[in-house]
C-alpha cells in the first residue's frame, strides 16, 4: 500500500486517473479547474505545477478521493469494485480494523528544507483562493492540525481549514466549540498559555480520511490511519513543538495558537460543502508560525468544499455508519445505504418483510442523517448508489399523499442555508426531514407490475463478462 502522498499519486497515475495541469493561477483558477473536473464523468485527480508566480515543483494535488475508484484505493480496497460493493467492503474492513500505534523514527523527509524565526514566510507556497467570494487564500482545505491534550496527553490530528494572513500568521477554524481541536486549545488558553500546534499540508490519504472521522475523545487519528494501511504511521518530533508529525509529510507549519482573548483575525468567508456561504468573516484564532518545513518539490493537498454533488470522498463513509446503525437497531434485511448530494440525501435499500418495515428503516436513518432533508427508502432491486435508479423508484413507487412523512425539529447545522438569519441568530440549528417511502406497497406488493430491468445481480454478471468492451464505469 502507499507510504505517502507521492506513492498515492503514482498509484492514481497508474490507473490513468491523473491529469497534470501547468500554468494555472492560485487565485481562482486552481479552485475553478478543480470544481469543473470534479463535475466531469471521469472526475480526474489533478496535479498542478508551474503555478503562476511560484517555482516549478511547488505543486497542488486536488480531487484526491472524490470518486469511488480513488476513495477505494485510499482505503486499501480494490479500486475496480462497484460503488455499493466498495462501501460493503469498507464496512467489513472497518469492523476488523486493528489499531496501529504510530512509531517514532529518527529522520523526517519534511526536514529537507527548514525556515525558522524571521525566515518564516508561508507565502512561499501557492495557497489558493478557491472560490470567488472567499475571504482570502486558504492553504488548509485538506490540512491536518496536530495538537496535544494538556491533561491526558493524547494527540488530536483533525482536518480544519487554515487561512493565510501574513508571512507568519494563519487562522485555524474549528467549526464549533465541541470539536476536539477547539476543546484542547481552550484548555491551554484558560491557563493563560498558547497552544502548541503543527499543521501538515500534504499528508497521505489514510491520514486525510482519519482526520475527517468523528473519533471519540482520546482516540488517535494516527492509530486509525495506521489500521487503514495495515502499518503504523511513522512520526518525528517537531523541532519547535515536540509534537509527533508524520515523517513523510510534504509541508509542515509549527507554532502556537494564541489565546483568542489576546488576539484574533477575521476568518472567512469560505464556500461550504452545501455550495453556499454560511457566514461572513468572523474572529478566528491566530496561529503564530515559528517554523516552516517542507520536502523538496513539495505537494500541497487541496480538498476545498465544492457545490454538490462534488464531495471530498467518492464513498459516503457516513452512509456506512447509518447502515450499521440500522442493523444495530434491529432493522433486518438492509441491502444497502448511500448518501447523495454531498451527504444531504440519504437512501436505504431493503428487502421488505412486513408492513411498516420501510417506515421503520426511514425513521432510524433520519435520526442519524446529519443535515439530510431527504431520506428515501427503496426496494432491494434498486441500487441506492445510483441516483437515477433511486429517482426511478421515487417517481414510480411513491404515492406522495401516502408515502411521504415529515419529521420536524430534526438534526441540522448552522451551515444550513435554508435556516433563516433570524432563526440562526436565536441559535436554531434544526430543520424538518422528509421520509419518502419509494418501496412497493407492502399489502399488494406481489401484484405490483414486474420490472423489465436487469436485477443488480444480473447487471453484475453482464459487467463481469462484457464490461471490458463497454468503456469505464462512471463513479
- Query: Where both partners of a DSSP beta bridge lie in the stretch 369-475, what percent of those bridges are antiparallel, to the nearest 5?
  - Reply: 55
- In degrees between 0 and 90, to the nearest 10, how far off the longest principal axis of the chain does helix 5-14 point, with axes built from Cα atoms? 50
- Message: For a quick size check, give me the Cα extents of the stretch 35-193 along its three principal axes, largest first, whole Å.
- Response: 51, 45, 38
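Could you rank the peptides 17-23, 454-460 by their average count of other C-beta atoms within 10 Å per residue, with the highest value first? Could the numbers behind the result be given before it?
Values: 17-23: 15.4, 454-460: 12.7.
Top of the packing list down: 17-23, 454-460.
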- Message: If packing is taken as the average count of other Cβ atoms within 10 Å, what order do 401-409, 199-207, 163-171, 351-359 fall into, highest mean first?
- Response: 199-207, 163-171, 351-359, 401-409
- Above 16 angstrom, tally the Cα pairs of the stretch 354-414 and express them as a % of all pairs, no decimals. 50
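Take the Cα gyration tensor of the chain, multiply each eigenvalue by 5, square-root it, and list the three semi-axes largest first, rounded to whole angstrom. Can you show the working numbers first?
Working: eigenvalues 316, 129, 87 Å².
The answer is 40, 25, 21 Å, longest axis first.
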- Which whole-angstrom value gives the distance between the alpha carbon centres of the stretch 196-253 and the stretch 291-342? 18
- Message: Using a 10 Å cut-off around each Cβ, can you sort 139, 233 from fewest to most neighbouring Cβ atoms?
- Response: 139, 233
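Run the numbers on the chain and let me know its relative contact order in percent, using alpha-carbon pairs under 8 Å that are six or more apart. Present the calculation step by step, with values, prior to reporting the outcome.
Values: 1049 pairs, mean separation 70.8, N = 475.
Once divided by the residue count of the chain, the mean separation gives 15 percent.
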- Can you give me the relative contact order of the stretch 317-469 as a percent, contacts being Cα pairs under 8 Å and 6 or more apart? 21
- Note on the structure: For the chain, longest principal axis from Cα atoms; helix 456-466 axis from its Cα atoms; angle between them, nearest 10 degrees, is 70
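Can you pull the semi-axes for the stretch 317-469, root of five times each eigenvalue of the Cα gyration tensor, sorted largest first, whole Å? It would help to have the intermediate numbers written out before the result.
Details: eigenvalues 176, 66, 41 Å².
For the stretch 317-469, the semi-axes come out at 30, 18, 14 Å.
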- With runs of 4+ DSSP H residues as the only contributors, calculate the mean residue ellipticity of the chain at 222 nm using -39,500 (n - 2.57) per run, divided by the residue total and rounded to the nearest 500. -7500 deg cm²/dmol
- Note on the structure: Note on the chain, DSSP bridge orientation, antiparallel percent to nearest 5 equals 70
- Taking Cα atoms, the helix 317-328 axis meets the longest principal axis of the chain at an angle in degrees (rounded to 10) of 50
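Every number in this text was worked out from the coordinates using simple rules, so none of it is lab data. This one's a predicted model, so the numbers in the text were calculated from it and none came from an experiment. Quick reminder, even Gly has a Cβ in these numbers, built from the backbone with ideal geometry, and neighbours come from all protein chains shown.
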